[in-house]
Structure formats: C-alpha cells, structure tokens
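The values are calculated or read from the model by the stated rules, or taken from the named source; none is laboratory data. From a predicted model like this one, the values you see are computed outputs, not experimental measurements. Don't worry about glycine lacking a Cβ; one is built from the backbone with ideal geometry, like all the others, and counts go over all protein chains shown.
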Amino acid sequence: MPISDSGRSRSPVPEHADHRDDDAGGGYFAAFFPLDKSLHTDVSALYSSIRHSITQSYTQTVRQWLSTQSYEAQREFGLLAIENVRKGFW
C-alpha cells in the first residue's frame with residue numbers, strides 16, 4: 001500500500017471514493033464512486049420502477065424489493081444494475 005507524506009498507509013482507492021470497512025467484522029469492503037449524471041439518472045429510474053422480471057412482483061418497486069434483500073445481495077445487484085444499465089440491457 002502506498003505511503004502518504006505523513007508516513008501513514010494510503011489506500012489505492014481514488015481520493016474521491018468513499019470507502020468503509022464493515023464494522024461487524026464480516027470483511028466486506030465497499031467503494032463508492034461517482035457515476036456519470038445520465039447513468040445515475042437511469043439507474044435511479046430503474047430502482048424506482050416496477051420490474052416483475054427482477055422482483056417477481058407487480059406492485060413493488062425495485063428499490064422496495066431490494067430493501068428486503070441481504071447486504072451482499074444488495075451490493076451484488078447494485079453492481080449488476082450499473083453494468084446492465086450502462087450496456088443498455090435494463
């Protein structure tokens with residue numbers, strides 16, 4: 001890991017990313033990074049939509065359904081959503 005001018009270890013994650021380790025000791029690492037504005041808008045629209053093919057529900061939004069899932073499932077879905085929206089699949 002690179003060392004900063006102060007002598008402390010510095011993360012290789014870009015400075016603009018907000019990263020946190022799971023306090024519960026599960027070893028999870030999350031990196032938050034900025035999305036292009038149009039991609040962010042499209043992903044937000046997906047989360048606000050009702051998608052039976054994703055949620056198996058005709059009444060729940062993707063966001064409502066996702067709130068019932070585990071942290072691991074939410075993270076995995078979020079990364080998949082970004083990729084699928086970016087590629088125009090969703």
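Determine if the range 49-58 includes at least one residue that is surrounded by 10 or more Cβ atoms within 10 Å (Cβ to Cβ), at pLDDT below 95 and outside any strand (DSSP E or B).
Taking the range 49-58 as the starting set, the residues that turn out to be surrounded by 10 or more Cβ atoms within 10 Å (Cβ to Cβ) are 49-52, 54-55, 57.
Next, only the ones that are at pLDDT below 95 stay: none.
No, the range 49-58 contains no residue that is surrounded by 10 or more Cβ atoms within 10 Å (Cβ to Cβ), at pLDDT below 95 and outside any strand (DSSP E or B).
Within the range 30-71, how many residues are touching a residue at least 40 places away in the same chain (Cβ under 8 Å) and acidic (Asp, Glu)? Spell out the reasoning first.
Quick first cut of the range 30-71, residues touching a residue at least 40 places away in the same chain (Cβ under 8 Å) only: 30, 35, 39, 42-43, 46, 71.
Filter once more, keeping what is acidic (Asp, Glu): 42.
Count: 1.
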